[in-house]
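Below is one structure, written out as structure tokens; comments come after it.
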Amino acid sequence: MVYLSIGRNTYFNSLLWLFFIVLTTEGQQFNMTGSSEFASLRKAYTWTCSMFVPPEQTTKGVIFYRNNAICAVIGYLNNDCVNQSANPRYTYACLSDYVYTLTIPAENMTEYEQGSLWRCEYVFHSVNGYRSSDVIIKIASPPTVHMLSQQDILEGRNLSVTCTATPGNPSSTTFYWTKVDNPGFRHNGSTLHLPNIQRTSSGTYRCTAENNYNNEEKGTDSQPMDVNVLYPPTIKTLSQQDIVEGRALLVTCQAVSGYPNSTTFYWTKENNPGFRQNGSILHIPNIQRTSSGTYRCTAENNYSIGEKGTHSQSMDVNVLYQPTIERRSLQVVNESEKFTITRYIVSNPLSDASWYNGTQLLKTQTSVKTASYTIENTTCTDTKNYTLVTSNGIGNTVTARVELIVNCKPTPDITNITLAVSCTTGIKFSTIIIAYPEPQYELQYENGTRNDQMITTITENKVNNFTVRIRQHAVEKSSFGVYYLRASNMFGEKTVTVNVIKQKTASSLTAVVAGSVGGSLVLVTIILIVVFFVHRRYTCIFKIALEKRNTDIKVDPNKETSNYTTIKEQQEHTERNMYDELAPNENASQYEDILKKDNHGKNEKLYEKLQKSVDNDGEGKAIEKMIPLKSKESSDDKSMTQKAEEYANTSFMK
């Protein structure tokens, strides 16, 4: 059951009207009470909610609603009054465990609250039916005239201004217009209409709104409005400005004054809301290309606060600048493809572009934004730095290096190499290979197996130009023959055939030795001495095996060539091999007999003496190695090993 109870005294005696909305539930109720029957503008107004705790509930608290939207949740938590506000326009308080208030502060008691719908209900939504009835705020007040803005109107136009107001309570409102400096002027109605207005009509007008209270009392409110009859200034025409980048732009804006004649100027730029220069002169020192665009000069007459008479003229600024060529990293293309090199050119005006290969002119283009050069069928030799030259008559000619790399298979400068070598010369050769990317390479024996005896290196001369160098200090019989240098990358493979042959030599000693056995002994001694010094001079190692295939002795390539190495071996094989080279004729058997006869004689003692000399020198170093040898009876797959000592004299390196 809902009970409506209204108590009333006169408003002007400032007595409170109590408006009770009572919801009764089994002898208990939710009440929503306003602090007066009518609220007043700019005066505080309070809602009071009385409640009870529903059955089977223990929480003490309510929710205030305005227009069905939650304003706040307020209640007691652990005996403390707490609230959660959803609307900061209002304040809240706990008067007791069962009484709570919502206050509209005076500064917020405005027309915004007129007719608003309010209620309170139990804090938990799940407990239905425990709430007050809806109540409405009614504000007793005179009408409020809305602010009128200054009217700046050109002479000869029609002035039509409508006055509006927020209705008071009661809401019935009447309007009329007066003129401050003309007591005889009155215009009834909310709209002031002055057709074909003239400058003599300038002045201050006032709109008044009224409503009638009881006992023929009236509430009134009014607002003034200034009317200025005026005309704006007129700006003279501005011409386009063409200016070279880096120079100073200076343009003066001129105008015929309007009324009032006090005129101000400022410059703006279209599409750049942040640009503004006050004054009649546009000054841009050291102007840059980004300053190109349309500028606008505006002249203003200040009619009243916030209102101005304006007129403007636009002006184009064209900043001229020399070319800038797009920077781009190197470009890579596959061999045999058609490819077009392009570069964007930024300049004003447009630029002419020329492509060069060194000093050779390849192509010329005029007035372009994009320079391009096409290679119909790319090859390895197209890997180079091209030059793009641009100019547009402004500033300097601009050049850019355009790097092009062509992916291509290896191409050696020579595919067949014949190399004549001797023991003293060693093996050393090189070849230039054009390829991209850098090729992998391998030196192989004629049977296809990898050669690990020779030292191979590669040097990058240019991005697609490489030198492969191969060397071997010690020359052996097995060193002669055909090799294959294979170079490859992901785009293909190329093979260089290398034929290592013996260098032809002649010796006058052969005829002398052939004369006598005694002379042969002398010759052996001479040859041994020569061998000793040759070893010291060239670090050439003589191998003792008659038909050896491999050796475990390797010469350090980093040592100076003045070092020498002496190897103690079975002398019959050493001398036999030596004389086979020196005397390949019918007397060979005679030399062999001499050598065999004296194997354990003078020559052996000579080697022992040399070895002992090195050992006693203190600067030599003995290294014992296992050297694979082949016997006369063994095949290519069988070998015998023999211990040898290698002496390296390092005294020459000091």
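Past 27 Å, Cα to Cα, is the threshold; run Lys138/Lys179; Lys384/Lys428; Lys138/Lys218 against it and keep the listed order.
Lys138/Lys179; Lys384/Lys428
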For this session: Using the Kirkwood radius over Cα pairs, work out the Stokes-Einstein diffusion coefficient for the stretch 436-509 at 10 °C and 1.306 mPa s, in µm²/s as a whole number.
Result: 113 µm²/s
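I need to check one value: relative contact order of the stretch 253-310, counting alpha carbon pairs closer than 8 Å and at least 6 residues apart, in percent. Mind showing how you got there, number by number?
Details: 78 pairs, mean separation 22.9, N = 58.
Answer for the stretch 253-310 is 39 percent.
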For this session: Can you tell me how much longer the chain between Gln198 and Asn396 gets when fully stretched, taken as 0.36 nm per residue apart minus their C-alpha distance, in nm with one decimal?
Result: 65.1 nm
For this session: Towards the positive end of the charge dipole of the stretch 244-387, with charges on Cβ (+1 Lys, Arg; -1 Asp, Glu), say which of Ile287, Thr366, Thr263 has the farthest Cα.
Result: Thr263
Seminar exercise, completed: Note to self: C-alpha centroids of the stretch 386-447 and the stretch 178-230 sit apart, in Å, by 97 Å
Exercise. How many angstrom lie between the C-alpha centres of the stretch 127-164 and the stretch 328-363?
Worked result: 71 Å
For this session: Ratio to report: Rg/Rh of the stretch 222-291, with Cα atoms as the point set and Rh obtained by the Kirkwood method; give two decimals.
Result: 1.14
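Would you rank Ser132, Ser202, Ser367 by solvent-accessible area, highest first, keeping every protein chain in place and using a 1.4 Å probe?
Numbers: Ser132 5, Ser202 40, Ser367 70 Å².
Largest to smallest exposure gives the sequence Ser367, Ser202, Ser132.
State the extension gain, in nm to one decimal, for the chain segment bounded by Asn68 and His187, taking 0.36 nm per residue of separation less the distance between their alpha-carbons. Can you show the working numbers first?
On the way: separation 119, 0.36 × 119 = 42.84 nm, distance 4.40 nm.
Result for the pair: 38.4 nm of gain on full extension.
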Problem set entry | Virtual spin-label span in nm between Thr370 and Ser171, 7 Å along Cα→Cβ | 6.8 nm
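Given a Förster radius of 56 Å and the C-beta distance between Thr237 and Thr110 as r, what FRET efficiency does 1/(1 + (r/R0)^6) yield to the nearest 0.05?
Details: r = 52 Å, r/R0 = 0.92.
Computed FRET efficiency for Thr237 and Thr110 comes out at 0.60.
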Exercise. Taking a probe of 1.4 angstrom, what is the accessible area of Asp226 in Å², to the nearest 10?
Worked result: 60 Å²
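Can you pull the percent of the stretch 215-361's accessible area that's carbon plus sulfur, 1.4 Å probe, other chains left in place?
The value for the stretch 215-361 is 44 percent carbon and sulfur by accessible area.
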For this session: Starting from 0 in steps of 10 Å, tell me what percent of the Cα-Cα pairs of the stretch 331-438 lands in each bin.
Result: 13, 32, 23, 14, 10, 5, 2, 0
Exercise. How many nm separate the modelled label positions at Ala420 and Arg327, each set 7 Å beyond the Cα in the direction of the Cβ?
Worked result: 5.7 nm
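Set the Förster radius R0 to 22 Å, insert the Cβ-Cβ distance between Asn79 and Phe124 as r into 1/(1 + (r/R0)^6), and round the FRET efficiency to 0.05. Kindly include the intermediate steps, with their values, before the conclusion.
Details: r = 19 Å, r/R0 = 0.87.
About 0.70, to the nearest 0.05.
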Seminar exercise, completed: XL table Lys369/Lys409; Lys338/Lys494; Lys409/Lys502; Cα-Cα > 30 Å flagged, in table order, is Lys369/Lys409; Lys409/Lys502
Exercise. At Ser257 and Asn385, where each label point lies 7 Å from the Cα along Cα→Cβ, what is the point-to-point distance in nanometres?
Worked result: 6.7 nm
Exercise. Can you tell which of Tyr90, Leu41, Val53 lies farthest toward the positive end of the dipole of the stretch 26-183, using +1 and -1 charges on the Cβ of basic and acidic side chains (Lys, Arg; Asp, Glu)?
Worked result: Leu41
Problem set entry | Full-stretch length increase - Glu438, Thr505 - with 0.36 nm per residue and alpha-carbon distance subtracted | 20.1 nm
For this session: Give, as ranges by residue number, the residues of the stretch 240-256 whose backbone N falls under 20 Å from the point 7 Å along Cα→Cβ of Asn286.
Result: 243-251
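The values are calculated or read from the model by the stated rules, or taken from the named source; none is laboratory data. Keep in mind that this is a model prediction, so the values were computed, not measured. Ideal geometry is used to build each Cβ from the backbone, glycine not excepted, and the neighbour counts take in all protein chains shown. Each accessible area value is taken on the protein alone, full model and side chains, heavy atoms only, with ligands, DNA and RNA left out. Shrake-Rupley method; radii C 1.70, N 1.55, O 1.52, S 1.80 Å.
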